[in-house]
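The values are calculated or read from the model by the stated rules, or taken from the named source; none is laboratory data. These numbers were taken from a predicted model, which means no experiment stands behind them. Using ideal geometry, Cβ is built from the backbone for each residue, glycine included, and neighbour counts are taken over all protein chains shown. Note: accessible area is taken over every heavy atom of the protein model, side chains too, but ligands, DNA and RNA are not part of it. Shrake-Rupley method; radii C 1.70, N 1.55, O 1.52, S 1.80 Å.
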Amino acid sequence: MVGGSSPPGITITFLIVRISSRKLTVLPMERKGFSRLAVAVGFSAIVGLSHVSAEDCEANLDLRNWDRSDLSELRHGYCQSGIFIPGLPTYETWMEPAPIHNEGNAVWYNPEVMQEVAGNKGIVLSTMDPSSPILDGVAVMSPADVGKTVWIFRNEAWEGPYLAIDTTNRQHMFRSIDHVEETIEISFETANRWGWIVRNEDGSIDRLNSKKIEEVEICIGPDPSVCADTEPVDYPTWWRDMARFENPSGGRSLSYSEVWDLHASAQENSSN
């Protein structure tokens, strides 16, 4: 996680999240001088199947063994948590804001991680001080959406305000969106309040039986009326269509299908 201060005059706008209906009580809020990005990876479930076999991870760089000194080392493909990633998303892909109205999965952070991220940025959440107007923090997939206010629709009403205070690393972006199909990450404390967390008899977290994932809808704008007449875009599908990947040969960036084709071609050549 990274702390610090951003240039003055940065205005944080609104991010509205819903799960079903559009009923809303809006509490407008702006923050200026938001701190620079924190890159913290919380607890999230691995769901679905990898695109390729386990042998790909045995033959490629694992992020656990990466010294983080050179992102270009990841252009040829790498592994994260046993999942093969065919290439590194470009910086421009990482910085692309989410569509105004989209949907994807929500997963949760480990206990107290969101509060630590907030504390490093000088932000006070209601989980830290009940008098805070910010209900809790959330994490988004792109740094472009950090700093936006978040509302989540639950139990026939809008819940919030949340604040997007964290984002995924560029090298973690592929797994989070393509494999887990995330659009947002919530805190452990919010997941617990929602009834996702199951406890063992000794009070420890029963991770096997706790709920790990739920689909949510996101609307970005000063008021949710901007999404009133639109259908949500499937965020993972949109991202796959939009995403570009760094070319290992140094040429033009590659599309999602091209980076997989390049990997398949490399596999074929290595087997001949």
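Here are the numbers for the structure shown:
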quantity	calculated
Accessible area, probe 1.4 Å, largest first, for residues 262, 71	262, 71
Charge tally in the Cβ shell below 11 Å around residue 254, where Lys, Arg are +1 and Asp, Glu are -1, residue 254 excluded	0
The stretch 133-272: C-alpha gyration tensor shape, a/c 1.5 cut-off, then a/b vs b/c	oblate
Anisotropy class of the stretch 196-270 from Cα gyration tensor, a/c 1.5 cut	oblate
Share of carbon and sulfur in the accessible heavy-atom surface of the stretch 113-187 [1.4 Å probe, %]	44 percent
Contour minus Cα-Cα distance for residue 230 and residue 63 (0.36 nm per residue)	56.2 nm
Estimated distance in nm for a label pair at residue 76 and residue 95, the labels positioned 7 Å out from Cα along Cα-to-Cβ	2.8 nm
Added length on full extension, which subtracts the Cα-Cα distance from 0.36 nm per residue, residue 208 to residue 132	24.1 nm
Accessible area per residue, Å², the stretch 136-272 with all protein chains present, probe 1.4 Å	41 Å²
Candidate residues 128, 173: accessible-area rank, largest first, probe 1.4 Å	128, 173
Cβ-defined net charge surrounding residue 108, 10 Å radius [Lys, Arg +1; Asp, Glu -1]	-1
